[in-house]
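Please treat every number below as a calculation from the coordinates, not as lab data. In this text the structure is predicted, and so the values were computed from the model without any measurement. Virtual Cβ from ideal backbone geometry, glycine too; neighbours counted across all protein chains shown.
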Amino acid sequence: MSVSAAILKETDILLKALLLGAALIFVYDILRIGRGLIPHGNLWTGVEDFLFWLGSAAAIFVLMYRENDGYVRGFAVGGVVAGMLLYSLTLSPFVVKGSVFLLRKTGYLLTRPLVWLGRLAGRPVRALGRRGRKAVVFFKKRLKKMWKAVKMGLCKL
């Protein structure tokens, strides 16, 4: 019992469509990870989404053109959609949440030494700032006394 070459070719196209759908959602997950790390406004989110879907349409077109001579077949489109849904429902939540968590923790750990150095360098600066404030208050009081004396001298004239 042998399987016809046409059925093998259609199975091959279906598998490639499933993988393409999963890959497209994975790329979208990378965009979502970026949005989780760096908040975006509505404009940039819209631009990113537009470019993503433009690229997705191009990738699906290339799949159809190379594998099926440009004929749009329902099982190929369904394979892309099924691959998207399958990846989105199974792996996507773990990939996005896990990646954002790991990248935030890594960023936190990498910036800790800089924070510690800033605190160490800030101690002398804060000490000078306190002394400087005391000096400013002292001179302000002296200037007020001098100004009062000048005003009194001017009034006597």
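Results, tabulated for the structure shown:
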read-out	value
Normalised alpha carbon radius of gyration of the chain [divisor 2.2 N^0.38 Å]	2.23
Normalised convex hull volume, region 13-74, alpha-carbon set, Å³ per residue	75
Charge dipole (debye, nearest 20) of region 5-156; +1 at Cβ of Lys and Arg, -1 at Cβ of Asp and Glu	3540
Where labels lie 7 Å past Cα in the beta-carbon direction, separation of Glu48 and Val27 in nm	1.5
Fully extended contour minus Cα-Cα distance, from Lys9 to Tyr108, at 0.36 nm per residue	30.6 nm
Farthest positive-ward along the chain dipole, Cα basis, beta-carbon charges - from Phe50, Leu86, Ile60	Phe50
Listed residue (Ile7, Gly41, Gly98) projecting farthest to the positive dipole end of region 5-156, Cβ model	Gly41
Segment Leu19-Asp69, length gained on full extension (0.36 nm per residue, minus Cα span)	16.1 nm
Residue-by-residue Karplus 3J(HN,Hα) for region 133-141, coefficients 6.51, -1.76, 1.60, Hz, glycine and proline x	5, 4, 5, 4, 4, 4, 5, 5, 5
Under 20 Å from the Cα of Lys97 - lysines, other chains or at least 8 residues apart	Lys105
By average C-beta atoms within 10 angstrom, highest first, the peptides 51-62, 17-28	17-28, 51-62
Structure-based [θ]222 nm, the chain - -39500 (n - 2.57) summed over DSSP H runs of at least 4, per residue, nearest 500	-33000 deg cm²/dmol
